[in-house]
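K.L.:
Shown below is the structure under consideration.
What follows is calculated from the coordinates using simple rules that are stated; it is not laboratory data. None of the values given here were measured: they were computed from a predicted structure. Neighbour counts run over all protein chains shown; Cβ positions are idealised from the backbone, glycine included.
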Amino acid sequence: MFTRRDFLKTGSSMVALGGSVPLFLNRTAAQAPASDRPGGRDTILVVVQLTGGNDGLNTVIPFRDDAYNRARPTLRQPANQIHRINDDIGLHPAMNALHGLHQDNSLCIVQGVGYPNPSQSHFRSMDVWQAGSTARDLPEGWIGKALRNIPGAASFHLANNNESAPLALTGAPVRVPSIRSLEDFQLRVEASSNRDRQSLRSVIESTAAPSSASSGGLLDFVQRTAVNTFASSRRLEQLGRSYQPRVPYPNTPLGNHLRLAAQLIDGGLGARLFYTSLDNFDTHAAQALSHTNLLRTLSDAVSAFYRDMSARGHRDRVLVMTFSEFGRRVHENGSRGTDHGAAAPMFLVGGRVRNGLVGAHPSLTQLDQDNLRHHTDFRQVYAAILDRWLGVPSRQVLGQEFRPVDVFRA
Amino acid sequence: MPDKPEQPQIDPRTAWERYRPTDASPWDVKKVGHLYRRAAFGATMAELEEGLRAGPDRTVDLLLQGKPDRDNLLGVTAEMVLGIPAGAGGGQQATAWWLYRMMYAPHPLREKITLFWHNHFATSNRKVNNAGYMIGQYELMRRHAQGSFRTMLREMSTDPAMMVWLDTNQSQRNQPNENYARELMELFSLGINNYRRPGQRNYTEQDIRQAARAFTGLRLEGGRSGFRANQHDDGEKTVLGQTGRWRPADIVRICLEQESAPYFVAAKLFRFLVSETIPATPELLEPLARRFRESDYNFGEMLETVLRSNLFFSAQVYRSRVKPPVDFALEIVRGLQGRMGTTALVTVLEGLGQRPFYPPSVAGWDAGRAWLNGQTLLFRHNLALGLTSTTDDRFGRRTDPARLARDNNVRSDEEVVDFFLRLFLQNDVPANARNRLLEYARRAHNGPVPVYWSQRDAEEQRVRAICHLVLTLPEFQLS
Amino acid sequence: MRPRQQGGWLAGLAILLVTSTLRADAPGDPLRFVPDKANAIFKVEQPGKIADLFLNHELSRQVRAIQVVAELYDSTNARRFYQLLSYFEKQMGMSTLELLDKLAGGGIAVASELGGGAPPVLLIVQGKDEAVVKKFFAIALDVAEQELARQDVKGGFKKKTYRDVDAYGFDKIAFARVGDAMLLATRSNALKAAIDCYKDGSGSISKVKALADARKALPKGPLAWGWLHLEPFHARPEFKEGIKTVSLQPLFFPVWPLADVVERSPYVAAGIYQQGQEFMTTVRMGSGMKGMSERAALLMPSAKEASTLPLLKPANTLASLSFHLDLGRFWENRKKLIPGKQEGMQLDQLEKASALFLGGVKLSTLLKQAGAHHRLVAVQQTKSVYKTTPNQPIPGFAWVIEMRDPEFARSMETILRGAGLLASTQANLKMVEEKHGPHKIVSYRFPEDRKFGNDTGSIRFNFSPAFVKSGKQMILSSTVELARELADLVAQEGPTRGSTASTHWQFYATGGAAALRSAEKQLRTQYILSQALSPKEAQDQIRQLIALVERLGVLTIETNYGAGDFRLDIRLNLDHAREARD
């Protein structure tokens, strides 16, 4: 495993070259922030977007409520299979892994999250959540803006094929790279044999090295960047080959993305923000099976990631947040599915979260145009994460003050 | 900030005088390459040789005027616009279309300066969401690229794309939208601080508010801009010390009468065309700025002065910019005299951080060192590989270094190395770089190749690899 | 030895020799390697013939003449591939086609066990000559190892021996040579299962009934065929959910019978055939009308009625469709077909709401009066009642409905005239009644001297809506010329009842070509931008593409529900002359 000592060994030559080294993967010891301030322990945030509108009512289930059983004749989950969080609320039967995290004091469920005058349009609502604002024009994202305050933080968009960068990451000072695998960091060559390959790489790396009479200036800058780039690339290649997860990851795209995140975090490269998504939650028909599979995928992947990170000692640094652009209707429709709704729960997984439920489950009978009413604005959750986890003033990012929800332990 | 603390002082009086070749500063192939990198998108081998023969004056002439459009590229591409979906969804094709023009333009300087203006008036299709408008704005900028800045600034206030971008289209009579007025002063003509007296502000919030009133009443109708008198606040406004019933054209006039205006624009041109490392002090810019104002903001004239100047061809300015992504990609394709589809290039350029028609914000691209970080540099190297290997499906098979070498009768390994070093870097690399390339060629010559490859395969592979290696030299990242 | 015994002994030896020679000549069946838990197979029976078609058929030549494709063939990767082929030719001492025959003359089969995460895939290449296969395998192994090293894949091939077979693997892939066959599997277990199946001689897929039935159901002599074993899926919850989703969605009702068949059929099989200028793909399933659920059966034609009327082919047809759709019966049995209470209410609401549009005619009446046989036609317009030509040509189309009850015509006329009146007032349409032979045609025209809203491109002059009754058929057409033509064609039809197919569609390549022509500007821009062609090159390429599409002749699609089987035939006939006859 690539240890911090190995990192410092290769890193020392960079310190010798002096000056600020414009790396996306490096931070020198001098820049490490004080550990008592929020964000001071290089906290990590992984955002998992559930695209399509997750049916929150069947995810975090008020199984004792009669109204639930009446509203969901075919989609209701049997009470004896639900994983209980408390006497009234439990998780969908497929989420046993996530339930395990609750028993491990690492799962916070914020209920009834939404925003005023909710939109049921996928595009508009997703833009609102990603921008952290309900304004008419939304050119920038909340994470992009947050990154302006923590410029040293490397961030990554773990993309599916052909997925473009989400609005949430727009506005960052340095464009957030979209990566699919570690191969995106490899220096490629077209060689005629293995020997030729080594030969080419050695030429590229040696010609990039600055000459002994380094005079500063642009050429020097390019050369230093190049040297660091190749070093990082090699390191990441090693990481790719040598990474042994402590816990098996499910072989799903989400599982692979989180595994990649784990590799980047463990490589000690200063990677702090990750954004990824899980699609197909728009279950208008025949919801039972597909929703079950999705929740199982989510639960298994997030749990594997968290346990892997914990086993490596990053338990207290890591926070995983899930959200969806809206929830779904209380009553199921005639095709055994559900239509677009409003309020829904969010999950926060991490070693420092307040375990259990935050906020009451919205009433199933006092509805707003057939949809659940929210009591917590999603920007309050963002404010908590920005202020108390990342150490970024939430007011700058969200444009106004939102009272942060109490989701972290003291 | 200066990188070399002990930089020789530049004399503003002689900096902008016309360059004449001397023994100390002769007209050599390095200068030709430098000129083509800055004023165009790189040079082909033929253009380098021709420039060397023709001398600085005639070469700059050629670049300023452009070659004759024998293939009617302008006409053909104008027709192609009809095939691009005008509304939403045409964004990628619009970018590909402009890249196509840049790539094959007989007058590359025009496209390059339009790119400069695009960065200056940074309007993004992400908000405008209309390919037709973006191309319309491009045409506007191109028309006046080497012409009058005053006219361009005036016409820009009624450009549809700009109206959507900075909300002029929404500006109400009783509640004027200040966006355009602010950016007009802050980003398009004056800057926040007075260029000569940095402690002094160029305008106040009150000026902006008053100016915003003048821009009310403009509306987009059927894709064109119109003026609705009943939405216009025609009262008296006081802007920057002048009072009157100002309309948009008046505000532009008033801004251009301010002291800072010519310096602001000259400084931008300096950073784009001359150097990102030499500080653009007011003293250095003074001759340019004075002439710019006297000529009634004739940008073309200032451009020509800069391109012919001593400073432009001096050693300090040589390789003092980081090569932007668009230049990086186009120089390779033009140098290899290949043909390449531009739609794939759009995605690649986005990864490198510069996608035309999509600047990150109204302040444009940061440029300079911001172009390069650990990831973009890697992408550049991999892009160079994609363009030279001929096995990358995104870029097709027609930018082939091996074909170019054959066409130029370049055979031995040494000739190949020297050919590409001259083409892309005018041989201005440290000796050990050249030696390493020769050594590579020798090793590859004797090395094993797959058993089913023919002799020609092995040779071509070597040529392509050498070309790729030349493009990964750190010097190639500089302009 | 006494002479009679000697004779017998010699005869026995002769027979043995003959049969062993026969055995040596006939290559083994690649399916002997496939274990019976595989549920999907694709087999190429005659690789040589396919290669020949690919190289020599004129359609293939035409494709390769297109510039983009020609460049693909000239690319570095393609050239290296050809060199690889030449290398093998040199090493093996025979041409590529001969090699193909010796290596794969017995067929190429791909088998997989679908369902669940990453299904294992097994590829079998059955050769005719063991010595040739052995030599080829050794050379290919060598080349592949070199290529791996070049691509910087560490480790090379790992060799293992399993039941006397040498197997090689890298990453998860495993491959081996067994006698005169070569096997490749995406997982080593799959390879082991294949070897087991072969060595034990039992448990092969050939013994599965559903496969034998499928092969019998397919016509003889396919170039290639595929088979999917549905029986194991029938019990799976995802499969049942999928079928239910389709059969519960009211809007999907035309495919309910199909879903029903899929639910019961033990297999789906498809074959590809070629004969002269005709290419055919046929899909067969093992269940049909017998045993169909009541709901689905309600939508099928009863045994008494014939299924579809013959196709109508006016001049310049682009597409002609004929299908069975008994909306009247659907409406009568709507409670049975769409059981949901909510949906039932919605349908009642629809009836109420539509009364407004239908000029007083009730929806249920209208549907009952309409017949079950429908035909749709799309044509390329050549003549026009208008003098103005539109910028963008749009094909004319018509819907021909058979009337069960002649009152239908009257109902429709009421409705259409009402609609026409409305349109006249809103859009200045002029109504024209004309007599065409014995038929009365009512049509609506746009005035040619006036502007119309945003229609700067004169698109509206593609349309002159018309309706006419001819015999038992009601014709609704977008242009009056088409109405005239169809009225005549229908009158000439006589009492023939067409085919037993439940749907019969034909598409004419001229339609595809016409569509491409109308999109020429967009295509040209795209070609220029994506491949950096000059405008002239782009123009040429589009012309070549259009010529190619036009060459494609006629595509015919037919579905047939038998008592115990189902057939879907897709035929592509490159011979234009036949189209008129059919």
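K.L.:
Using modelled backbone amide H atoms (1.01 Å from N, in-plane), which distant-in-sequence or interchain residues come within less than 5 Å of C:T308's amide H?
P.N.:
Here C:S499, C:A501 satisfy the definition.
K.L.:
Now for a different question. In debye, nearest 20, what is the charge dipole magnitude of segment C:263-394 about its Cα centre with +1 on Lys and Arg Cβ and -1 on Asp and Glu Cβ, if you could check? Don't jump to the answer; show the numbers that get you there.
P.N.:
Numbers: 17 positive and 9 negative charges, 43 e Å.
Here segment C:263-394 has a charge dipole of around 200 debye.
K.L.:
Also, I was wondering about something else. Rounded to the nearest 0.05, what FRET efficiency do C:F239 and B:I192 give with R0 = 45 Å and r taken as the Cβ-Cβ distance? Could you check?
P.N.:
Working: r = 67 Å, r/R0 = 1.49.
It comes to 0.10.
K.L.:
Then there is this: Among C:K383, B:K323, rank each residue by its count of other Cβ atoms within 10 Å, from fewest to most, as a rough exposure measure.
P.N.:
Working: C:K383 13, B:K323 20.
Ascending Cβ contact count within 10 Å gives the list C:K383, B:K323.
K.L.:
How many percent of Cα pairs in segment A:174-331 exceed 25 Å? The partial results should precede the final answer.
P.N.:
On the way: 6144 of 12403 pairs.
Roughly 50 percent, once rounded to a whole number.
K.L.:
Using Cβ counts within 10 Å as a stand-in for footprinting exposure, how do C:T503, A:T283, B:T204 rank, fewest first? Don't jump to the answer; show the numbers that get you there.
P.N.:
Values: C:T503 19, A:T283 24, B:T204 11.
In increasing order of surrounding Cβ atoms, one gets B:T204, C:T503, A:T283.
K.L.:
Another question, then. What residues of segment C:468-487 lie in the reach of a label at C:K440, counting those whose backbone N is under 13 Å from a point 7 Å from the Cα along Cα→Cβ?
P.N.:
C:468-470
K.L.:
Kindly flag which residue pairs out of C:K128/C:K172; C:K49/C:K521; C:K341/C:K469 have an alpha-carbon separation exceeding 30 Å in this structure.
P.N.:
Details: C:K128/C:K172 28 Å; C:K49/C:K521 39 Å; C:K341/C:K469 38 Å.
Result: C:K49/C:K521; C:K341/C:K469 exceed 30 Å.
K.L.:
Please quote Rg/Rh for the protein assembly as shown to two decimal places, taking the Kirkwood radius as Rh and restricting both calculations to Cα atoms. Please list the in-between numbers first.
P.N.:
Values: Rg = 37.1 Å, Rh = 37.8 Å.
My calculation of the ratio gives 0.98.
K.L.:
Each residue of segment A:269-275 in turn: what ³J(HN,Hα) in whole Hz from Karplus with 6.51, -1.76, 1.60 and θ = phi - 60°, glycine and Pro shown as x?
P.N.:
9, x, 6, 10, 10, 10, 9
K.L.:
In the protein assembly as shown, with Lys and Arg counted as +1 and Asp and Glu as -1 at Cβ, which of these residues, B:A43, B:H445, A:G114, has the Cα nearest the positive end of the dipole, that is, farthest along it?
P.N.:
Comparing the listed Cα positions along the dipole, A:G114 ranks first.
K.L.:
So which of C:K387/C:K440; C:K209/C:K335; C:K135/C:K199 end up more than 32 Å apart, counting from Cα to Cα? Each step should come with its number before you reach the end.
P.N.:
On the way: C:K387/C:K440 23 Å; C:K209/C:K335 39 Å; C:K135/C:K199 23 Å.
Violating the 32 Å limit, Cα to Cα: C:K209/C:K335.
K.L.:
Still on this structure, please answer the following. First measure r as the distance between the Cβ atoms of B:T347 and B:R58, then evaluate 1/(1 + (r/R0)^6) with R0 = 35 Å and state the FRET efficiency to the nearest 0.05. The partial results should precede the final answer.
P.N.:
On the way: r = 39 Å, r/R0 = 1.12.
The calculated FRET efficiency here is 0.35.
K.L.:
If I model segment C:27-206 as equal point scatterers sitting on the Cα atoms and use the Debye formula, what is log10 I(q)/I(0) at q = 0.10 Å⁻¹?
P.N.:
-0.46
K.L.:
Further question: For chain B, find the longest principal axis of its Cα atoms and tell me its angle to the long axis of helix B:108-120, 0 to 90°, nearest 10.
P.N.:
50 degrees
K.L.:
Between A:F123 and C:I173, take the C-beta separation as r, use R0 = 35 Å, and let me know the FRET efficiency to the nearest 0.05.
P.N.:
Values: r = 42 Å, r/R0 = 1.21.
Working from the Cβ atoms, E equals 0.25.
K.L.:
To continue, here is another question. Need one number: nm distance between label points at A:Q400 and A:H375, each 7 Å from Cα along Cα→Cβ, rounded to one decimal.
P.N.:
Placing both labels 7 Å along Cα→Cβ, they lie 2.2 nm apart.
K.L.:
Over segment B:372-479, what is the mean sequence separation of C-alpha contacts under 8 Å (at least six apart), divided by residue count, expressed as relative contact order in percent? Don't skip to the answer; put the middle values down first.
P.N.:
Details: 77 pairs, mean separation 37.9, N = 108.
Here the relative contact order equals 35 percent.
K.L.:
HN-Hα J couplings of segment A:150-161 from phi, Karplus 6.51/-1.76/1.60, θ = phi - 60°, integer Hz, Gly and Pro as x?
P.N.:
Working through the residues one at a time gives 10, x, x, 6, 7, 9, 9, 9, 8, 9, 7, 4 Hz.
K.L.:
Taking a cut-off of 21 Å, what percent of all Cα-Cα pairs in segment B:325-477 are separated by more than that?
P.N.:
Tail fraction, whole percent: 48.
K.L.:
Hey, fewest Cβ within 10 Å first, where do A:S299, C:S354 land in order? Please list the in-between numbers first.
P.N.:
Details: A:S299 24, C:S354 15.
With the fewest neighbours first, A:S299, C:S354 line up as C:S354, A:S299.
K.L.:
Hey, another quick one. Relative contact order of chain C, please, whole-number percent, based on alpha carbon pairs below 8 angstrom and at least 6 residues apart. Don't jump to the answer; show the numbers that get you there.
P.N.:
Values: 1007 pairs, mean separation 72.5, N = 582.
Relative contact order, chain C: 12 percent.
K.L.:
Another one. Given the convex hull over the Cα atoms of chain C, what projected area results after averaging over all orientations, in nm²?
P.N.:
38.3 nm²
K.L.:
Give the cross-link partners of B:K268 among the lysines, using a straight C-alpha distance below 18 Å as the criterion and excluding same-chain residues fewer than 8 apart.
P.N.:
B:K112, B:K323
K.L.:
Once each part is reduced to its C-alpha centroid, what is the distance from segment C:333-368 to segment B:32-104 in angstrom?
P.N.:
After rounding, the separation between the Cα centres reads 64 Å.
K.L.:
Now for a different question. Using the alpha-carbon atoms, what tilt in degrees (0 to 90, nearest 10) does helix C:535-550 show relative to the longest principal axis of chain C?
P.N.:
90 degrees
K.L.:
Here's something else I'd like to know. Test of understanding: what is the full-extension gain from A:Q103 to A:V247, defined as 0.36 nm times their sequence separation minus their Cα-Cα distance? Numbers along the way, then the final one.
P.N.:
On the way: separation 144, 0.36 × 144 = 51.84 nm, distance 1.76 nm.
Full extension from A:Q103 to A:V247 adds 50.1 nm.
K.L.:
What's the longest piece of chain B with no exposed GluC sites (Glu not before Pro), counting a site as exposed if DSSP puts it in a loop and it has at most 14 other beta carbons within 10 Å? Don't skip to the answer; put the middle values down first.
P.N.:
Details: sites that count: B:E6, B:E17, B:E236.
Free of exposed loop sites, the longest segment is B:237-479.
K.L.:
Here's another thing I want to ask about it. Which of the listed residues, B:T391, B:S124, B:Q170, is farthest toward the dipole's positive end in chain B, when Lys, Arg count +1 and Asp, Glu count -1 at the beta-carbon?
P.N.:
Towards the positive end, the residue furthest out is B:Q170.
K.L.:
Something else: Mind grabbing the base-10 log of I(q)/I(0) for segment A:4-398 at q = 0.06, 0.12 Å⁻¹? Debye formula, identical points on the C-alpha positions, no solvent, two decimal places.
P.N.:
Scattering profile of segment A:4-398, log10 relative to I(0): -0.27, -0.94.
K.L.:
Then there's this: Determine the relative contact order of chain B: mean sequence separation of Cα pairs under 8 Å and six or more apart, normalised by residue count, in whole percent.
P.N.:
Numbers: 673 pairs, mean separation 91.3, N = 479.
This gives 19 percent for chain B.
K.L.:
Between B:S25 and C:F54, what is the spin-label point distance in nm, taking each point 7 Å from the Cα along the Cα→C-beta axis?
P.N.:
Each label point lies 7 Å from its Cα, and together they span 6.4 nm.
K.L.:
Could I ask something else about it? Would you please give the residues with an amide H less than 5 Å from that of A:F326, counting only those at least 5 places away or on a separate chain, with H modeled from the backbone geometry?
P.N.:
A:G53, A:N54
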